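Written below as structure tokens is the structure these notes are about.
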Amino acid sequence: MARQITLIPGDGIGPEVADATVRAVEAAGASIEWERVEAGEHALAEYGRLIPDEVYASLEATRIGLKGPTATPIAGGHQSINVALRKKLGLYVNFRPVRMLPGLKTRYCDVPLDMVIFRENTEDLYAGLEHEIIPGVVESLKIITHNASMRIARASFEYARHEGRSKVTAIHKANIMKLSDGLFLKCCREVSAEFPEIDYQELIVDNACMQLVMRPEKFDILVMPNLYGDIISDLAAGLVGGLGIVPGANMGDHHAIFEAVHGTAPDIAGKGLANPTALMQSAVLMLEHIGEREPAARLQAALRQVYAAGEHLTGDVGGRASTAEFTDAVIAEIARVREPAEVGD
Ligand code: NAI
């Protein structure tokens, strides 16, 4: 029976990369029935709400979403869609594997990189608790709790153990924010004691940025509060070829939403130029999560092969192909690998 998945195409380049990803996932042989719902600017214009109720209803039913980027109006009192979904569904882990693709020459890195970012996803300055005390003075509250810090620390160490990884680095600014980041670190230390086989290291966030640029190959698993995770993810994406590449997953105990790190890219939206790799790689994570291992492996292998060949890449990674041409190349590669097996069945 086909597995139902909520598809939120989103805004800007979202629908372009979502359509490309749906084509590639179907070509890879996954048995999926998509439940397509709108959130974001489209939804606001059409239904008067950034997140209509049917989005929550669909995610409640399917428990799994594949999401394109969504725009949140900067002014006007709207809460970010991502923040709202993460809070409502308890998606406390933001999981972002940052890996090099074969053949891709990036400006900053000529060593193979394979690091995984665990970003706390529900609190910190993203709590959205801001107010004006007196005209000209505003306050933004940074919330760090024992509960949320323990959950994200444990998720990172459990992943490290499960995947046979060797090191977890906690990133913080506890020298200045002694109470809040201090609590985060205390939790990471407490959890690290339960995983003696895994090296545990701490780095102050500014130093971590410099080390990531100078010696990125030294990093393995990184765990950090929400805002540092947002910034470090983009920095790390830049090391492996940019935002068009890096996938992500927002996971909780009962739900998961898979989405790329990048935003709506308004500068290239509607032009057929967007790189769908990041959402396709997010779909690979999703397929693995729901147990569709063979389609996941096929799609990942096809992506690697298209990058290794280097003939049909999009402009952001140095090629000249459109979104459609890149997607056709991925699908052709999947078909090339699948055909002999099917003939033999
Ligand atoms: P952005 O990620 O949309 O764009 C940054 C740069 O990267 C742009 O030059 C863009 O063209 C390029 N880029 C991003 N993804 C690409 C892709 N797949 N292929 C080729 N080039 C790509 O970041 P920006 O401009 O800061 O944000 C634009 C909007 O996106 C804002 O409204 C923001 O709130 C929203 N956003 C939404 C996210 C989400 O829904 N997950 C995440 C980040 C931002």
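Each reported figure results from applying straightforward, stated rules to the coordinates on display, with no laboratory input. These figures come from a predicted structure and were not determined experimentally. Don't worry about glycine lacking a Cβ; one is built from the backbone with ideal geometry, like all the others, and counts go over all protein chains shown.
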Of 136, 244, 270, the most mobile residue in a GNM of the chain (C-alpha springs, cutoff 10 Å) is 136
Toy charge model, Lys and Arg Cβ at +1, Asp and Glu Cβ at -1: region 227-345 dipole around Cα centroid in debye, rounded to 20, equals 220 debye
Using alpha carbon centers only, region 272-345 is separated from region 63-120 by a whole-angstrom value of 20 Å
Going residue by residue through region 52-67, the Karplus relation 6.51 cos²θ - 1.76 cosθ + 1.60 with θ = phi - 60° gives ³J(HN,Hα) values, rounded to whole Hz and with x marking Gly or Pro, of x, 4, 5, 5, 5, 4, 5, 5, 4, 6, 8, 6, 10, x, 10, 10
Taking Cα atoms only, helix 180-192 is inclined relative to the longest principal axis of the chain by an angle, in degrees rounded to 10, of 60 degrees
For the chain, the count of lysine pairs 8 or more apart or interchain whose alpha-carbon atoms are under 16 Å apart comes to 8
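Kirkwood Rh, Cα Rg: Rg to Rh for the chain?
0.97
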Listing 338, 293 by rising number of other beta-carbon atoms within 10 angstrom, fewest first, gives 293, 338
A student asked for the Cα radius of gyration and Dmax of region 95-242 in angstrom ought to give 16.2, 55
To the nearest 10 degrees, the tilt of helix 205-214 (Cα long axis) against the first principal axis of the alpha carbons of the chain is 40 degrees
Proxy exposure order for 59, 279, 141 (fewest C-beta within 10 Å first) is 141, 59, 279
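Please rank 149, 166, 322, fewest neighbouring Cβ atoms within 10 Å first, as an exposure proxy. Please list the in-between numbers first.
Values: 149 26, 166 10, 322 17.
The fewest-first ordering by Cβ neighbours comes to 166, 322, 149.
Quote the charge dipole size of region 1-138 about the Cα centre in Debye, to the nearest 20; the model charges only the Cβ of Lys and Arg (+1) and of Asp and Glu (-1). All intermediate terms of the calculation are to be shown ahead of the outcome.
Working: 14 positive and 19 negative charges, 101 e Å.
Approximately 480 debye in magnitude.
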So the angle from the long Cα axis of helix 146-162 to the longest Cα principal axis of the chain, reported in degrees to the nearest 10, equals 40 degrees
Any residue on another chain or 5+ positions along whose placed amide H is under 5 Å from the amide H of residue 4 is listed here as 33
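Mind ranking 222-232, 80-90 by how tightly packed they are, going by the mean number of other C-beta atoms within 10 angstrom, highest first? Before the final figure, lay out the partial values.
Working: 222-232: 23.3, 80-90: 19.2.
Per-residue Cβ counts within 10 Å, averaged per peptide and sorted highest first, yield 222-232, 80-90.
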Residue by residue through region 313-321, the couplings from Karplus 6.51 cos²θ - 1.76 cosθ + 1.60 with θ = phi - 60°, in Hz, x for Gly and Pro, are 8, 7, x, 5, 10, x, x, 10, 6
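About the Cα centre, and with charges only on the beta carbon of Lys, Arg (+1) and Asp, Glu (-1), how big is the dipole of the chain? Nearest 20 debye, please.
Working: 33 positive and 47 negative charges, 150 e Å.
The dipole of the chain has a size of about 720 debye.
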